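The values are calculated or read from the model by the stated rules, or taken from the named source; none is laboratory data. Because the structure is a prediction, the values reported are computed rather than measured. All Cβ positions, even for glycine, are placed from backbone atoms using ideal geometry, and neighbour counts span all protein chains on display.
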Amino acid sequence: MTTGMNKDYDVIVIGGGPAGYAAAIKASQMGGKVALIEKYKVGGTCLNRGCIPTKTYIRNAEMIGILERAENRGIMINDPDFNLDMAKIIQYKNNVVNTLTDGVSGLLKSYGITVYIGQGRLKKDKSVEIDGKDIISGKAVIYAGGSKVSRLPIKGIENPLIMTSDEILDLAEVPKYLTIIGGGVIGVEMAEIFSAYGSRITIIELCDRILPQMDKEISEVLTKILKTKGIRILTGARIDKIKEEKRGLKCFFSDGSGVECDRVLISTGRIPDLSAVGELDFKTDKGRIQVDAYMKTSIEDIYAPGDINGKNMLAHAAFKMGETAAQNAMGENVKSNLRFAPGCVYTIPEIGTVGLTEEEAKKKYDDICTGRFNFIANGRALSSGETKGFVKVIGDRKYGEILGVHILGPQAAEIINEASVLMSSEVTLEEVSSFIHGHPTYSESFMEACADALGRSIHLPKKLIKRS
Amino acid sequence: MAVEVIMPKAGMAMEEGTIVKWYKKEGDQVEAGEALLEIITDKVNMEVEAEVSGVLLKIVGKEGQVLPVFTPIAYIGKEGEEVETETTGKNPEQPEKKEKEELKKENVSVSEKKVRATPAARKTAKESDLELRDIKGSGPKGRIQKKDVLSLRTSVNKMTPLAEKIAALEGVDPALLEGSGYDGKITKEDVMKQIGQRTKEKGKPVKGKIVPLTPMRKTIGKRMSDSFFTAPTFTLNIEVDMRKTKEMKNTLKAAIEEETGFTPTITDILVMACAKNLKKHPAVNTAITEEGLLIYDDVNIAFAVGLEEGLFVPVIKNADKLTLSEIVTISRELVSKAEHMSLRPDEQEGSTFTISNLGMYGISHFNPIINPPNSAILGVGAITDRPIVRKGEIRINPMMNLSMTIDHRAIDGAPGARFMQNLKELLEDPIKLLT
Ligand SMILES: Cc1cc2nc3c(=O)[nH]c(=O)nc-3n(C[C@H](O)[C@H](O)[C@H](O)COP(=O)(O)OP(=O)(O)OC[C@H]3O[C@@H](n4cnc5c(N)ncnc54)[C@H](O)[C@@H]3O)c2cc1C
């Protein structure tokens, strides 16, 4: 590591998460001299505390589910008891994380990108101070500081028994009773994981349904599925206060009633990490650094891709925005179009969605059509015993444009990529239903749902009433 | 030195050409091979390209002009360079020689390159990865022009299926579209932009900002258009001499102020006069209902109060039974409530007749729209001193116009006119209000 040197870079990237490392690599591919500053470990939230560790745990939950259902299919396990070695579970997860973060380090190295481990702070004239000592300067800065957990002003929230997604991933002891405040993506994924690990879960959600941003039917069907797993879901409920009592924690609603538990997980959202803003005065909106489609901030030559701008707080959106920022920092003039960025939730079964929800589509288009195919009618799903869920397709009747696809079911997070690609390519409903899909596959359901939107699915009963 | 651009001789038989359209304007930077303008000969449309790079200094050939071949039509040179234009009418110099040169050039291009194409077409084809051999030229002798390349480019798989479908349904010519998608692919957005432009060209929207309609605005809008579009109306106008009413108002002023704390207005007296008069003319105090014509027993007079927030029409109930002081008190109370947005629904319902006074704005007369379910509304204009003739003499008296809009389904012209006539009499001799 170099110290005290003032180097001139084409691009300085702050943050080594998906947005930052993608930006650094892209800028380097385009011939730029690049430095990347990361205060913790490259890979960011996604690799260290987000997507990857949670998906490692979700796989455990799936395997537990498979073990539990094996007997149904005639696979008799002699001693059906199994228990979890949490130390090993955490170790396994850490190995996965380290493999990937080492991979990212290796990539950065292969491109000759200088990586500084330290706290970056922006200064005027596109220079960045590292750990209050070294200053490096560049022609452009890509500020990809990402996001951190937001803590609601709930009374008693400082209690160490209350965790965020950061701490719960290293929790060595599975809580008997776990209350999850916030029924968004992170909340429901953690509910699945810890429910499988043996916790009794209560999810408390302020809105009238879990996953309130998603298409309503997705929320409704998921709610039913989670309930059959014994997960308690309280919606339209607000926790005011959490108190430690003899038997553990108690979360109080405004009416004085409460829920008792051993541990609480706060998953009420994430806010930008503005620790590198320093003396600069960015235009912000609710704490998010404002950028245009070119990822330009209000300050010239500073770009802000990823979670920090709040446009779409997902890793793949961060990759795209990071690349766009790098291209523009290196003199190109390209936009990030996030319209067809899918959103995935790794529940069991999982969720994949892209485009407009039915409610949004109704507002924007005069005449929409919807198609639906339930996995229970899909051969692969039935053979696998993964029959819960559906594919729902929303289209514009006039031009046949696919406006939104919402999948709850097996491999939804994989199938949704097909929908996203087709929507980005502006393939119409008519065409999708004419493409050949392998059989038996889960993704046939998507094709059938497109056909259903036109009233011509082969594997659904004849429509009695012709859709008008 | 500036280089001339001439009307080309595009074929042995061509003698003159018409300038269809200039693609460039004076001052534009042009590249050698770039299309400058389109001309039309007796046979074909073709593009004329710049032979050299530089600034298009001057355009002498105007769109629509028919010019003999070899006539200079523009000049290209260095920025700021002066151009010595030839005076028109002078014979183009040595056409024969140029013609020969041109012919020679053409022959060379044929023998060397086989495919005839303009340099601009070649450039575009190369950029678009298209083979010239695949393109059908629309220029003279099948020469390929830039637009031929462009139209092929769009037709070769460079549109998304959705864009193609929308373009077909909406009748948009893909050749006009510039693709914004990957590698110039035409997307829905590009087609929609073209459709947007088309509609814009039809009528450019006038700039302004949209203020969302308040629920009140919507209600007013709905009530008024319901009224306007269901009731066949006509309006009766009459001029009233207000000298005596004004005198009466002044006489009573002090007493009423003492009693009520409010100053009486002409509107108050009008409410009283109308109320009395409606009692005598029940035909005007009516409503059309599903069952038939409803002739009201009560006389409830609504009066319009225009405020920033919208239009309120509070109702003075049983106005025929009220003294002037009572009318003054009740109406001030209602106005004050309207101003504080605290009118109760029942205070705005049950009217049988409406008065709308715009006199304070200097309006001389206007056509009010009926306030349903009423059958008539009285519009009151400003009182202004005007010369009138009384007993052969010119006098200057305070005059006022009254206009009553009537629903012809309920009220005929004659009863309406009689109402107005009597109202005029009452106001011109307000002592009659006591009867
Ligand atoms: C529990 C959880 C599960 C998730 N699951 C998914 C999922 O399944 N799929 C998905 O798409 N997304 C998921 N996400 C979201 C995803 O992690 C983020 O969208 C993504 O990481 C954003 O990338 P980023 O580069 O913008 O920010 P981050 O990944 O947050 O990276 C920012 C980096 O900048 C560094 N940094 C910040 N400030 C400074 C500074 N001053 N100096 C130096 N370095 C600094 C941070 O240390 C961090 O490494 C999940 C998130 C969480 C919390």
Search the range A:308-343 for residues being away from the ligand (no atom under 16 Å from the Cβ) and in a helix (DSSP H, G or I), and hand back the single one that is farthest from the other protein chains (Cβ to nearest Cβ). A:Asn328
Could you tell me which of the residues A:Ile52, A:Ile77 is over 29 Å from A:Ile135 (Cβ atoms), β-branched (Val, Ile, Thr) and free of Cβ contacts under 8 Å to residues at least 24 places away in the same chain? A:Ile77
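Filter the range A:228-247 for residues that are touching an Asp or Glu at 6+ places or on another chain (Cβ under 9 Å) and more than 16 Å from A:Ile204 (Cβ to Cβ) and give the result.
As a first pass, look at the range A:228-247 and keep what is touching an Asp or Glu at 6+ places or on another chain (Cβ under 9 Å): A:229, A:231, A:233-237, A:245, A:247.
The answer is A:Lys229, A:Glu245, A:Arg247.
Could you check how many residues of the range A:434-460 are within 23 Å of A:Ile218 (Cα to Cα) and either of a type in the set (S, T, N, Q) or assigned to a loop (DSSP other than H, G, I, E, B) (or both)?
First pass over the range A:434-460, keeping only residues within 23 Å of A:Ile218 (Cα to Cα): A:441-455, A:457, A:459-460.
Those left that are additionally either of a type in the set (S, T, N, Q) or assigned to a loop (DSSP other than H, G, I, E, B) (or both): A:441-443, A:445, A:454-455, A:457, A:459-460.
Qualifying residue count for the region: 9.
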Using beta carbons and a limit of 8 Å, which pairs, at least six apart or on different chains, have the first residue in the range A:409-429 and in the same structural domain as A:Glu448 (by TED's automatic domain parsing) and the second one part of a helix (DSSP H, G or I) and among the basic types (Lys, Arg)? A:Pro410/A:Arg380; A:Glu426/B:Lys188; A:Thr428/B:Lys165
Helices (runs of 4 or more DSSP H) wholly inside the range B:97-174 that include at least 1 residues being more than 30 Å from A:Glu401 (Cα to Cα) and modelled with pLDDT of 80 or more: B:119-127, B:146-155
When you scan the range A:167-185, do you find a residue that is more than 14 Å from chain B (Cβ to nearest Cβ), away from the ligand (no atom under 16 Å from the Cβ), more than 27 Å from A:Asn94 (Cα to Cα) and not aliphatic (A, V, I, L, M), even just one? no
Residue check for A:Gly132: within 12 Å of the ligand (Cβ to nearest atom), within 30 Å of A:Asn328 (Cβ to Cβ) and either at pLDDT below 95 or within 14 Å of chain B (Cβ to nearest Cβ) (or both): yes
Starting from the range A:300-328, take each residue that is without any contact (Cβ under 8 Å) to a residue 40 or more places away in the chain and list its partners that are of a type in the set (Val, Ile, Thr), counting only C-beta distances under 6 angstrom and pairs at least six apart or across chains. A:Asn309/A:Ile289; A:Asn309/A:Val291; A:Thr324/A:Val334
Within the range A:344-353, residues of a type in the set (Val, Ile, Thr) and either free of Cβ contacts under 8 Å to residues at least 12 places away in the same chain or more than 9 Å from the ligand (Cβ to nearest atom) (or both) come out as A:Thr347, A:Ile348, A:Ile351, A:Thr353
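Give the number of residues within the range B:43-62 that are over 24 Å from B:Lys141 (Cα atoms) and part of a loop (DSSP other than H, G, I, E, B).
Final tally of qualifying residues: 4.
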Does the range B:215-236 contain any residue that is among the polar types (S, T, N, Q) and modelled with pLDDT under 75? no
May I ask you to list the residues in the range A:403-446 that are within 25 Å of the chain's Cα centre (by Cα) and of a type in the set (A, V, I, L, M)? A:Leu403, A:Val405, A:Ile407, A:Leu408, A:Ala412, A:Ala413, A:Ile415, A:Ile416, A:Ala419, A:Val421, A:Leu422, A:Met423
List the number of the failed condition for A:Ile142; all other conditions in (1) outside the structural domain of A:Val115 (by TED's automatic domain parsing); (2) in contact with a Pro (Cβ under 9 Å, 6 or more places away or on another chain); (3) not charged (D, E, K, R) hold. (1)
Quick test of your reading of the structure: A:Asp301 fulfils all but one of (1) at positive phi; (2) at pLDDT 95 or above; (3) within 26 Å of the chain's Cα centre (by Cα). Name the failing condition by number. (3)
Criterion first (over 14 Å from the mean Cα position of the chain (by Cα) and more than 13 Å from the ligand (Cβ to nearest atom)) does A:Lys362 satisfy it? yes
Subset tally (residues that are charged (D, E, K, R) and touching a residue at least 60 places away in the same chain (Cβ under 8 Å)) for the range A:354-364: 2
Inside the range A:192-267, counting only strands (runs of 3 or more DSSP E) that do not spill past its ends, which hold 3 or more residues that are surrounded by fewer than 21 Cβ atoms within 10 Å (Cβ to Cβ)? A:239-245, A:248-253, A:258-261
Are any residues in the range A:186-211 within 17 Å of A:Thr235 (Cα to Cα), touching a helix residue (DSSP H, G or I) at 6+ places or on another chain (Cβ under 7 Å) and away from the ligand (no atom under 12 Å from the Cβ), and if so, which ones? A:Ala191, A:Ile201, A:Ile203, A:Arg209, A:Ile210, A:Leu211
For the range A:53-64, which positions are more than 8 Å from the ligand (Cβ to nearest atom) and in contact with a Lys or Arg (Cβ under 8 Å, 6 or more places away or on another chain)? A:Thr56, A:Tyr57
Do we find a residue being more than 13 Å from the ligand (Cβ to nearest atom) and on the phi > 0 side of the Ramachandran plot anywhere in the range A:107-117? yes
Filter the range B:329-363 for residues that are of a type in the set (Phe, Trp, Tyr) and free of Cβ contacts under 8 Å to residues at least 24 places away in the same chain and give the result. B:Tyr361
How about the range A:28-66: which of its residues are under 24 Å from the mean Cα position of the chain (by Cα), in a loop (DSSP other than H, G, I, E, B) and not charged (D, E, K, R)? A:Tyr40, A:Val42, A:Gly43, A:Gly50
Among the residues of the range A:265-307 satisfying the criterion of being of a type in the set (Ser, Thr, Tyr) and within 13 Å of the ligand (Cβ to nearest atom), which is nearest to A:Tyr21 (Cα to Cα)? A:Tyr303
Given (1) surrounded by fewer than 18 Cβ atoms within 10 Å (Cβ to Cβ); (2) away from chain A (no Cβ under 14 Å), where does B:Leu169 come up short, assuming only one miss? (2)
Within the range A:412-432, the residues that are surrounded by fewer than 23 Cβ atoms within 10 Å (Cβ to Cβ), charged (D, E, K, R) and within 11 Å of another protein chain (Cβ to nearest Cβ) are A:Glu430, A:Glu431
Between residues in the range A:94-121 that are more than 21 Å from A:Ile135 (Cβ to Cβ) and residues that are of a type in the set (Lys, Arg), which pairs lie under 8 Å by C-beta distance while being six or more apart or on different chains? A:Thr101/A:Lys41
